[in-house]
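Just so you know, all these numbers are worked out from the coordinates, no wet-lab data involved. Here the structure is a predicted model, which means the values were calculated and not measured. Note: ideal-geometry Cβ built from the backbone for every residue, glycine included; neighbour counts use all protein chains shown.
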Amino acid sequence: MRRLPSTNEPAWCPGCGNFAILKTLDEAIEEAGIDRIGQAAKLPHYTQANVFNGLHGRALPPATAIKLVNHDLEVVVTSGDGDMYGEGGNHLIHAMRRNIGVKAFVHNNQVYGLTKGQASPTSELGFMTKIQPHGVISQPVNPMALAIVEDVSFVARSFSGERDHLREMMVAALGHKSGFALLDILQPCISFNKVNTFKWYKDRVKPIAESHDPTDRAAALELAFTGGRSRPHSEEIPIGIYYLGGRPSFESQQPVLERGTLVSQYSGN
């Protein structure tokens, strides 16, 4: 079944990295051959799919429930760095701990772009906003390190300005069949983040070397501390697959699901 783009016109600012992410996601869904997909945050308004538009920062609980009720579905959450790493940070930690088979695509522009520009959990130290006029003093969250420490099954990073690479990472995440997948997508916010611009990212993102072994947890953790979140204004931010864990997924360990999906068991199908 060919998936057509939504006819709704995006309300994003011209030049926002969300446009590239939306276009690439539609392409990745086609390439992966997925018919049904669940999503959260604002992006569902602009794509044709089976969607659940959740509360800000609260996408992972319903996504977890959807996956448990029908584990045959591919369930994808699209959210920003503010709602995934901030308001939804508690949900994220436990989704990682459980290793539920949900894909999380995080739009990371290092600012609250849709709620008018306050610092987000990934904003750089010293980043100044109307709410933080003297600059951010809190250590930025390092989502890659957090996911690797929690032994998540799939951990990757890409950049909205490298669409071929982004599509490759999305397809790899969609094809990952066991456990939680985190894809952190760096993107510019042209309205509220004048530091981390398209050029800023373009000058710093570097593909991970082919020699990297993504099953080597120590090597993956070292990559996570190479740039971006842990060393503000680093000269290099690795993009690619950081880590592939080996834990079984949460849903695969539920005896009741051995008889089939819950929705089929209780519907008589």
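For the stretch 244-252, putting each phi into the Karplus relation 6.51 cos²θ - 1.76 cosθ + 1.60 with θ = phi - 60° gives couplings of 10, x, x, 6, x, 6, 4, 5, 6 Hz, in residue order, rounded to whole numbers and with x for Gly and Pro. Diffusion coefficient (Stokes-Einstein, Kirkwood radius over C-alpha pairs, 37 °C, 0.692 mPa s) for the stretch 72-171: 224 µm²/s, rounded to a whole number.
Beta bridges per DSSP, both residues in the stretch 18-267: antiparallel share near 15 percent.
Bridging of Lys116 to lysines at a Cα separation below 23 Å is possible for Lys42, Lys130, Lys194, Lys199, once same-chain residues fewer than 8 apart are set aside. Among residues other than Gln254 with Cβ under 15 Å from its Cβ, the summed charge is +1 (Lys and Arg +1, Asp and Glu -1).
Summing charges over all other residues whose Cβ lies under 10 Å from the Cβ of Gly240, with Lys and Arg as +1 and Asp and Glu as -1, gives 0. In this label model, Lys194 and Leu262 are separated by 5.0 nm, measuring between points 7 Å along each Cα→Cβ vector. Under 5 Å between amide hydrogens, built in the peptide plane, is the criterion, and for Gly135 it picks out Thr129 among residues at least 5 positions away or on other chains.
Here the peptides 149-158, 130-139, 24-33 are ranked by packing, the mean other Cβ count within 10 Å, and the order with the highest first is 149-158, 24-33, 130-139. Cα centroid separation, the stretch 83-134 to the stretch 204-222: 23 Å. What the pair-distance distribution of the chain shows, using all Cα-Cα distances binned every 10 Å from zero, is 7, 31, 38, 19, 5, 1, 0 percent. Take Phe225, project a point 7 Å from its Cα along the Cβ direction, then tell me which residues of the stretch 120-152 have their backbone nitrogen under 19 Å from it. Counting only backbone N, you get 125, 139-152. Potential lengthening of the chain between Lys116 and Glu210 amounts to 29.9 nm, from the contour at 0.36 nm per residue minus the alpha-carbon distance. Residue ranges 251-257, 161-167 sort as 161-167, 251-257 when ordered by packing (mean number of other C-beta atoms within 10 Å per residue, highest first).
Note on Arg97 and Lys202: their simple-model spin labels are 4.3 nm apart, each label 7 Å out from Cα toward Cβ. Each Cα pair under 8 Å and six or more residues apart adds its separation to the average, and for the chain the resulting relative contact order is 19 percent.
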